[in-house]
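Remarks on the structure that follows.
Nothing in this text is a laboratory measurement; each read-out follows from the coordinates by a stated rule. Every value quoted in this text rests on a predicted model; they were computed, and no experiment measured them. Neighbour counts are summed over all protein chains in view; Cβ atoms, including those assigned to glycine, are modelled from backbone coordinates with ideal geometry.
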Amino acid sequence: MKLPVALISVVLCMVTPAHSHDLGFAGLLSSSNKQDLPKLILSVGKPIAQAPLLLKSGMAYEIEIEADGTGELALEGSGFFRAIWVNEVVINGLEIRPFGLESIEFDNEGTMEIEFVAIKPGNYFLRQPGSRGKGQRVEITIR
């Protein structure tokens with residue numbers, strides 16, 4: 001008697017689909033799984049962001065980073081860049097699909113967009129290299 005019940009349970013598990021997300025053809029990069037983040041501003045003596053960023057693992061994000069040209073400015077955050085998968089970086093309409101990032105730098109004013117998927121949960125940051133001020137750093141949490 002137990003064998004038929006066990007056999008029926010196994011067969012039902014094999015034919016019943018597991019719960020999945022219906023993200024469509026684009027998968028994780030589909031518009032239903034994508035969110036725009038607030039713009040980061042690079043400017044001498046001004047804060048990079050107005051608030052920390054809270055991200056969800058498995059979600060796709062796009063962030064715009066703008067430099068106003070007041071100085072040669074960069075952002076570093078190797079821990080953050082290793083915790084995400086970078087789909088593309090867009091600079092002046094030119095799409096770059098890098099294997100990964102370590103840092104970014106602006107020699108002049110300009111805008112860059114980074115599209116990525118948050119992967120590894122944890123607390124991270126992006127900051128201007130060599131800076132110690134809280135305004136020259138943005139805290140990022142991936143849950």
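Here are some notes:
- Farthest positive-ward along segment 22-142 dipole, Cα basis, beta-carbon charges - from LEU101, ALA74, THR141: THR141
- Phi-based couplings in Hz for segment 136-143 (Karplus 6.51, -1.76, 1.60; Gly and Pro marked x): 8, 8, 10, 7, 10, 10, 10, 9
- Across segment 96-109, rounded Karplus estimates of 3J(HN,Hα) from the backbone phi angles (6.51 cos²θ - 1.76 cosθ + 1.60, θ = phi - 60°) give 10, 10, x, 5, x, 10, 10, 6, 9, 8, 10, 7, 9, 5 Hz, Gly and Pro being marked x.
- Amide H partners (placed H, <5 Å) of PHE106, local residues excluded: LEU73, ALA74
- The H on the amide N of PHE125, modeled in the peptide plane, is under 5 Å from the matching H of PHE80, ILE140, each at least 5 residues off or on a different chain.
- Around ILE119: net Lys/Arg minus Asp/Glu count, Cβ-Cβ under 13 Å: +4
- Taking the alpha carbon gyration tensor of segment 47-143, multiplying each eigenvalue by 5 and rooting it gives semi-axes of 20, 18, 11 Å, largest first.
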